[in-house]
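Okay, so here's the structure we're looking at.
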Amino acid sequence: MNNYFKLFFRRISKDFQQKQLLPLKLLFFMHSSTVLVLYPYLTIHMRELGINVEEAATMSAVAPVIAVLMPPLAGLIADKIGNFRVMLALFSAIGGASALLLLLVPVGRITITYPDRVVFGMSCSTGSPLSLSLYQHHQCTPLGNQNRTDLQLESCGFACHAVLAENQTEAILKTNTYSLQLYNLEKNSTHTYTYTLTEDDIHIPELISESLNHKTLKNNDRFLTSIRRLAKNSYYFPTASLFNFSCDLSSNSSIDCVFGTRSSIDLFGLKLGPKFGGILHPVETSEDDTLEERQIYDLALDKSRNTSCLTGFAQPGLHITVNIPIRKANSSEVSKHLELGSCSTRCLVTGDRKKVCSNQNRVIELDMQLTFWSYLVIRVFIGIVSGTSFAMFEGAVIAILREHKADYGLQRIYATIGGMISSPLSGFFIDFASRGKGYTDFTPIFFFYATLKIVSGFLMLFINLEFKKPAQSVISDVLAVLRKMELIVLFVACLILGSAWGYIESFLFWLLQDLGGSKSLMGLTITVGGLVGIPLLVLSGPIIKKIGHANVIFIGFAFYAVRLIGYSLIYNPWLCLIFEAMESVTFGLSFTAAVTYAAKLSTVTTDTTIQGLLGGLYFAVGKGIGSLIGGHMIKMYGIRSTFQRFAMFTAATGLAYFAFYHLYMKKRPSAGTDITKKDVEKPPQGFVDVDLNAKAPAHHDVPAVYEDALANPAFEDTEFTEETNQEKNKDVNPNTS
């Protein structure tokens with residue numbers, strides 16, 4: 001173990017001493033920071049605009065697939081130019097600025113979720129069953145069948161009927177006091193009960209904004225103290241302790257349930273029996289005197305209980321009125337009193353909405369066509385520009401590392417550190433900006449992304465690509481490289497790995513949002529993967545040398561399968577960090593192996609093009625396939641089942657790749673093409689393709705002296721390490737020719 005620590009720190013220290021690579025490290029840091037600032041959050045940003053899961057899948061698929069043609073084309077142009085740093089800087093800056101256009105896309109669809117409980121008005125008539133009136137202030141499509149429903153008694157009071165002007169209705173709902181008067185004509189006596197309301201009883205929010213496109217309605221839950229409108233011309237006034245509804249739920253015998261009071265004069269509250277249940281029998285639907293539509297039910301109580309409707313407030317000669325003081329505008333002075341008659345006893349009960357209504361929400365379409373197409377066009381443009389920038393950046397990195405005989409994995413450490421810092425910062429910025437707004441505000445990360453991309457573009461002007469000469473025959477060189485079976489199979493493997501990455505990238509945060517995870521947690525997932533990934537990146541050269549590129553890529557398949565299964569099983573969003581730690585293998589190590597494998601099989605004149613193809617297949621086509629198929633599978637099977645199906649497919653593909661490599665490709669290795677006729681006068685640079693377990697195939701364009709060098713065991717595949725290239729320059733001496 002001590003030797004591993006020594007190797008770990010020695011490799012970092014030795015690499016950091018190469019001062020010519022310091023600008024590259026800074027660029028890796030900035031470039032990765034920009035990607036992880038924005039892209040992981042784009043799916044939930046689409047959700048915020050009302051784009052559903054199928055549309056999000058289509059968007060995430062179409063945008064990169066359309067944009068995939070540009071990176072290889074840009075790679076061809078860059079290889080033809082040679083020193084393409086100005087072109088690289090320009091595309092980086094444009095990509096950052098163009099992301100701000102997404103802030104202009106309007107919300108296209110709003111989902112209104114209704115409260116999980118419905119409010120009934122309950123009344124009672126002697127000799128009749130209890131009657132429940134469902135006043136649909138929150139739209140309800142009644143279920144056609146008769147359901148047993150558990151009900152909760154909330155309060156009892158009086159419902160008064162009155163046809164009023166809108167300003168009078170507003171005055172009633174905003175009054176802070178009212179009085180109930182019971183006038184007995186026979187005894188010429190009056191009982192007055194006055195009730196005072198607080199500000200909390202009057203100003204009750206009925207809407208909770210969870211996002212720009214998702215709003216949840218809530219009931220006025222101050223049943224005991226708040227005035228409410230039951231119907232168009234009906235107003236409810238709670239009168240605590242005057243009467244209520246009571247059943248002895250502890251008894252199994254058939255007993256009466258009491259609705260009302262024993263006397264109209266000697267008023268008292270009965271024992272509260274808040275919970276009861278029964279079968280709702282739809283009676284009629286009436287559109288008269290309602291806000292929207294009213295559904296009437298007869299309630300058959302459990303255990304065949306009889307209901308006693310005490311006459312109390314319904315006896316002849318008893319006149320019931322509610323008096324509401326009307327105050328002058330912006331004043332506490334009472335201008336007049338509004339008196340409401342036609343009042344009758346009413347209780348409020350609530351029931352489970354799912355047992356009563358078939359609809360739990362409704363969707364309001366605004367201009368979804370505008371939202372979808374404007375977002376898609378902008379995403380395609382960003383994909384073209386950013387994909388082009390990525391392809392050229394990777395090509396520049398490979399060229400610089402060839403020139404300075406450096407290790408790719410050691411440079412990617414700084415990309416990982418950049419992502420570890422920027423992604424949690426993005427999550428924090430989102431949470432901070434969204435505080436108190438009731439929806440998720442993504443604005444800060446778009447400006448953060450644009451700033452970092454523009455700064456990266458400026459820094460790219462200072463990288464040195466003077467040594468990279470323009471290619472003379474780019475297309476023929478690329479076609480020669482693309483004839484290699486190993487490279488083709490590598491591209492297919494990256495396509496599948498990219499689809500697994502794309503599905504996780506598109507829908508992991510979607511799952512975490514459903515589980516209640518914060519944006520800060522989402523950002524932290526990148527940090528955890530980065531922390532675990534740094535040691536692997538430092539040792540990626542020796543690891544790949546020890547077990548081989550193909551085996552490392554197979555390990556990436558295996559870990560992707562484990563991650564996908566793991567996400568499907570969690571219910572606590574924080575548990576995702578266990579599986580996010582595995583990203584150090586699935587992306588950090590395996591993608592490093594893929595990049596260096598592709599570079600090993602390419603040439604100095606085709607590096608940028610080949611890296612553009614590799615990145616396009618992984619980040620564009622692969623991601624597009626994962627997003628598209630994943631989104632539609634989520635619609636059919638659910639998000640957890642889709643994670644599991646992706647896991648099985650990834651595992652099966654990984655096993656097929658592993659078997660094909662060991663049974664076929666390992667016995668027929670592709671030759672490296674870094675050494676050509678023009679290399680006769682100078683030492684070879686870059687990768688030399690040697691499989692120590694197989695004899696290197698001869699190739700017609702390589703002089704005999706280099707064929708001897710290729711067969712020399714000193715040329716083990718150690719990526720861009722300085723030690724290995726020194727051995728190459730020692731064993732392959734141009735003077736021997």
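Overview of results
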{"item": "Sorted by Cβ neighbour density within 10 Å, fewest at the top, the residues 124, 309", "result": "309, 124"}
{"item": "Using a Förster distance of 51 Å, the FRET efficiency for residue 220-residue 377 (Cβ separation, nearest 0.05)", "result": "0.70"}
{"item": "Length released on extending from residue 574 to residue 104, taking residue separation times 0.36 nm less the Cα-Cα span", "result": "165.9 nm"}
{"item": "At R0 = 60 Å, FRET efficiency that the Cβ-Cβ distance of residue 184 and residue 352 yields, to 0.05", "result": "0.90"}
{"item": "Theoretical gain in end-to-end length, residue 116 to residue 668 [0.36 nm per residue, Cα-Cα removed]", "result": "192.2 nm"}
{"item": "Residues residue 17 and residue 480, FRET efficiency given R0 of 41 Å [Cβ-Cβ distance, rounded to 0.05]", "result": "0.65"}
{"item": "Per-peptide average of other Cβ atoms within 10 Å, ordering 549-561, 173-185, 574-586 highest first", "result": "549-561, 574-586, 173-185"}
{"item": "Theoretical gain in end-to-end length, residue 370 to residue 170 [0.36 nm per residue, Cα-Cα removed]", "result": "68.2 nm"}
{"item": "Euclidean distance of C-alpha centroids, region 85-139 and region 148-218, integer Å", "result": "27 Å"}
{"item": "Entries in 6/405; 453/545; 484/635; 232/336; 519/546 that, when Cα-Cα distance is taken, lie over 30 Å", "result": "453/545; 484/635; 519/546"}
{"item": "Separation in nanometres of the label points that stand 7 Å from Cα toward Cβ, at residue 152 and residue 298", "result": "2.9 nm"}
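Here, each number is a calculation from the coordinates, and none is a lab measurement. Keep in mind it's a predicted model, so treat the numbers as computed, not measured. Every residue, glycine as well, gets a Cβ built from its backbone with ideal geometry; the counts of neighbours run over all protein chains shown.
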